[in-house]
Structure formats: C-alpha cells, structure tokens
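**Q** Questions regarding the structure given below will be posed in turn.
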Amino acid sequence: MKLTLHKSPSVDLMFRAFSDRTRLRLLNMLRAGEVCVCDLVRVLDVPQPKVSRHLAYLRRAGLVVARKEGLWMHYRLAEAQGDFHDSLLKCLGCCFHSVPELAKDLRKLGRAVPSCGTNCC
C-alpha cells in the first residue's frame, strides 16, 4: 500500500483522530450506521459540547460526515477516500472488535455491526 502524505485529509490528521479514546469510541459506534448526536452523548455519558468537538475533529480529518435534521445532527462514517483511509476503517472493524469498552458502547447504542471476516489490516 502506498501512503500519500500530501493529499487531504492528511495521514497524520487521520492518525491523530484515531489516537484519542473518545474519538475511537465515536468511530466505532458510527460503524453501525448513521447515529444522532443525542444517542452518542447518551452512550458516552459526556457533555454534548465535548462530543461535538470530537465529531468536528473527525469531520476535519475526513472520517465522518454530518446531516442536519431539525435541531439535531446525524453522523456517519465517510466513504473511504483512498486505500489508506479504507485500511483504517477496516482496522477499526477488525482490530478493535475485542476491546470490551467498544463492545459495551455498541450494546448501549442498541446496534450491531457486521463482523470483519478473516482478513484484517
């Protein structure tokens, strides 16, 4: 796989997005599909402004997209913009499936996500 460091979103920004515990939890929940910010706040049990700041970071990194409906924003994972982005998303699904906190978040969210199969990162 060839990594390109000069295209947007940048590889370093994506890695920084994945390096934060809260953002990792958000990305994992968004694997289940589009989720309202109110549900993300409920599952994480943190103030809404904190969740919104993390989601804004993920948007800048090109990892999530948002849709406004009334007063609420709904978020989902962005389509992969290249091989590196695609690999990160696959890794999220495969490499972290056994992390208890991430599994607990999905149960609390009330959604299941597809398994990754046999090949990972």
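Rule-based calculations on the coordinates, nothing more; no lab input. Remember, it's a predicted structure, so these values are computed and weren't measured experimentally. We place every Cβ from the backbone using ideal geometry, glycine too, and count neighbours over all the protein chains shown.
**Q** Taking K and R as +1 and D and E as -1, what net charge do the other residues with C-beta under 13 Å from the C-beta of VAL35 add up to? Before the final figure, lay out the partial values.
**A** Details: positive: ARG25, ARG31, ARG42, ARG67, ARG76, LYS108, ARG111; negative: GLU34, ASP39, GLU69, ASP105.
Every neighbour counted, the sum reads +3.
**Q** On to the next question. Tell me, what HN-Hα J-couplings in whole Hz come from the Karplus equation 6.51 cos²θ - 1.76 cosθ + 1.60 at θ = phi - 60° for each residue of the range 38-47, using x for Gly and Pro?
**A** Each residue's phi maps through the Karplus curve to give 4, 6, 5, 4, 4, 5, 6, 6, 10, x Hz.
**Q** Residues with beta-carbon under 11 Å from that of ARG16, excluding ARG16: net charge, scoring Lys, Arg +1 and Asp, Glu -1?
**A** Numbers: positive: ARG23, ARG60; negative: ASP12, ASP20.
Local charge sum for ARG16: 0.
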